[in-house]
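Note sheet for the following structure.
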Amino acid sequence: MHIVLQLIPKKYLIGGTLILLGLSGLLIMSTIVAITGEFESDSQQSEVTEIEGGGIGVGTANVSPQVMKYQPLLEKYAQKHGLDASYVPIMMALMMQESGGRGNDPMQSSESKCGRVGCIQNPEASIDQGVKHFKGVLEKAHYDLELCLQSYNFGPGFIIFVNKNGGHYTKELAIKFSQIQYQKVKHTGNYHCLRPEAVPYQACYGDIAYKDAVLKYYTGTITADGKPAAPASGGSGGKSGVKVIDAGKTLIGKTRYVFGGGRSQSDINAGRFDCSSFVRWAFEQVGMNVGPMSGVTTDTLKTQGQAINPKDMKPGDVVFFDTYKIDGHVGIYVGNNQFLGCQGKTGVAIASMAKGTYFGERFNGRVKRF
């Protein structure tokens with residue numbers, strides 16, 4: 001063997017050694033990817049940056065991924081304009097109603113800036129102006145949030161009208177204001193009733209149900225001082241948490257993990273889920289909407305709900321793990337260092353998150369209460 005090696009030119013020996021080393025490295029990397037990837041490949045979304053605060057602990061915006069991606073900018077401009085961060089989920093709900101997060105003016109704030117549609121052609125400029133306008137309307141409404149929301153659609157004239165007629169928002173006042181304003185502008189031919197229920201009243205100025213349309217994307221309550229607050233039920237960490245777990249347990253042994261699964265009714269009927277779609281499904285069974293079926297991911301789930309200290313975890317809280325990425329896996333805490341989730345090998349099952357276990361070593365301390 002020594003003689004054979006002496007007969008081979010040194011450059012070929014070096015080249016062959018480098019090739020072998022390269023192949024070995026590829027084999028090791030493939031093994032690592034296979035090990036980590038079998039647990040989760042749960043999100044095709046880019047990482048959503050979560051800013052501390054974010055209205056966390058006061059309510060939940062049940063909105064699309066397109067709106068969710070603007071949460072950091074809403075946080076940024078709420079701070080710039082001196083608006084309490086508890087209003088961020090409400091503004092996300094407002095954006096969902098206005099545009100669904102689409103287009104160059106997602107908060108539809110051009111009119112408040114320059115008096116006409118289309119003068120804003122940049123999403124960040126739209127959010128800057130939209131937050132500023134929202135705060136201004138909120139202050140004029142004396143923090144009556146329902147009045148603020150309806151006035152975002154009707155304009156500040158509605159606030160003056162309400163102040164002359166009792167001082168608080170009512171649906172009847174919204175209809176009456178729309179009727180009066182429509183009579184002033186209907187000759188232009190530019191206005192028509194947005195909702196069938198507005199036709200009998202000839203209340204065709206703006207959207208008489210705008211406030212309700214926004215709040216359908218928001219889970220929470222509104223306090224006497226007009227500020228958003230956490231759901232009065234106590235959230236998923238209370239009695240609702242046990243119900244979520246019971247609902248989720250019904251799928252044990254009946255599902256399999258499929259990347260991107262659970263985002264259509266046919267997938268659900270066939271028992272195909274991934275981790276985040278399972279969590280969404282479980283909460284839906286107890287009447288809690290934590291995101292759209294087609295768009296839920298670990299990234300959208302982690303922006304919702306109230307942040308909880310891991311020491312204060314209760315059954316029903318949602319827990320996150322750093323697997324193939326930060327917050328790559330999610331499940332529902334059941335107690336005793338265990339969680340219910342949809343995992344790569346088992347489908348929906350209860351797994352340990354105790355120290356020394358796979359998930360115990362990857363639990364990142366992020367706990368949310370919906």
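Derivation of every value follows stated rules applied to the coordinates shown; laboratory data play no part. Quick caveat, the model's predicted, so the values are computed rather than measured. Methodologically, a virtual Cβ is constructed for each residue, glycine included, from the backbone with ideal geometry; neighbour enumeration extends over all protein chains shown.
Quick one: which residues, 5+ away or cross-chain, put their amide H under 5 Å from the amide H of Thr255? H built at 1.01 Å from N.
Sorted by chain and number, the residues that satisfy this are Val348.
Given a Förster radius of 30 Å and the C-beta distance between Ser294 and Glu197 as r, what FRET efficiency does 1/(1 + (r/R0)^6) yield to the nearest 0.05?
0.55
Could you size up the charge dipole of the range 73-211 around its Cα centre, putting +1 on the beta carbon of Lys and Arg and -1 on that of Asp and Glu, and report it in debye to the nearest 20?
Here the size comes out at about 360 debye.
Given the options Gln129, Cys193, Ala141, identify the residue whose Cα lies farthest towards the positive end of the charge dipole of the range 107-216 (+1 on Cβ of Lys, Arg; -1 on Cβ of Asp, Glu).
Cys193
If you take the beta carbon distance between Asn269 and Lys171 as r and set R0 to 45 Å, what does 1/(1 + (r/R0)^6) give as a FRET efficiency, to the nearest 0.05?
With a Förster radius of 45 Å, E is 0.70.
Which ³J(HN,Hα) values in Hz, rounded to whole numbers, follow from the phi angles of the range 155-172 under the Karplus curve 6.51 cos²θ - 1.76 cosθ + 1.60, where θ = phi - 60° and Gly and Pro get x?
Each residue of the range 155-172 in turn: x, x, x, 5, 5, 4, 4, 5, 4, 8, 10, x, x, 9, 4, 9, 5, 4 Hz.
Going through the cross-link list Lys76/Lys140; Lys164/Lys184; Lys132/Lys186; Lys243/Lys355; Lys211/Lys314; Lys140/Lys164, which pairs have a Cα-Cα distance over 25 Å in this structure?
Cα-Cα > 25 Å for Lys132/Lys186; Lys243/Lys355; Lys211/Lys314; rest within.
Between the alpha-carbon centers of the range 311-370 and the range 123-181, tell me the distance in whole angstrom.
43
Over all directions, the average projected area of the alpha-carbon convex hull for the range 292-370 comes to how many nm²?
5.2
Would you mind getting me the FRET efficiency between His142 and Gln66? Use the beta-carbon distance for r and R0 = 30 Å, nearest 0.05.
0.40
Can you work out ³J(HN,Hα) from phi for every residue in the range 192-198, in order, using Karplus 6.51 cos²θ - 1.76 cosθ + 1.60 and θ = phi - 60°, giving whole Hz and x for Gly and Pro?
Couplings: 8, 5, 7, 10, x, 5, 7 Hz.
Simple spin-label model, 7 Å along Cα-to-Cβ: Lys355 to Asn190 in nm?
6.8
Show me 102-110, 299-307 ranked by packing, highest mean number of other Cβ atoms within 10 Å first.
By packing density, highest mean first, the sequence is 299-307, 102-110.
May I ask you to derive the relative contact order of the range 248-353, considering only C-alpha pairs under 8 Å and at least 6 residues apart, and to give it as an integer percent?
The value is 30 percent.
Ordered by packing density, taken as the mean number of other Cβ atoms within 10 Å over each peptide's residues, highest first, how do 349-362, 77-90 rank?
Highest mean packing first, the order is 77-90, 349-362.
Can you list the HN-Hα couplings for the range 63-75, worked out from phi with the Karplus curve (6.51, -1.76, 1.60; θ = phi - 60°), rounded to whole Hz and with x for Gly and Pro?
Each residue of the range 63-75 in turn: 10, 6, x, 5, 7, 3, 5, 8, 4, x, 5, 5, 4 Hz.
Taking 7 Å along the Cα-to-C-beta vector as the label spot, tell me the Asn336-Asp212 distance in nanometres, rounded to one decimal.
4.7
Report the one residue of Ile326, Val279, Ser266 whose Cα lies farthest in the direction of the positive end of the charge dipole of the range 253-338 (charges on C-beta: Lys and Arg +1, Asp and Glu -1; origin at the Cα centre).
Of the candidates, Ser266 comes out farthest on the positive side.
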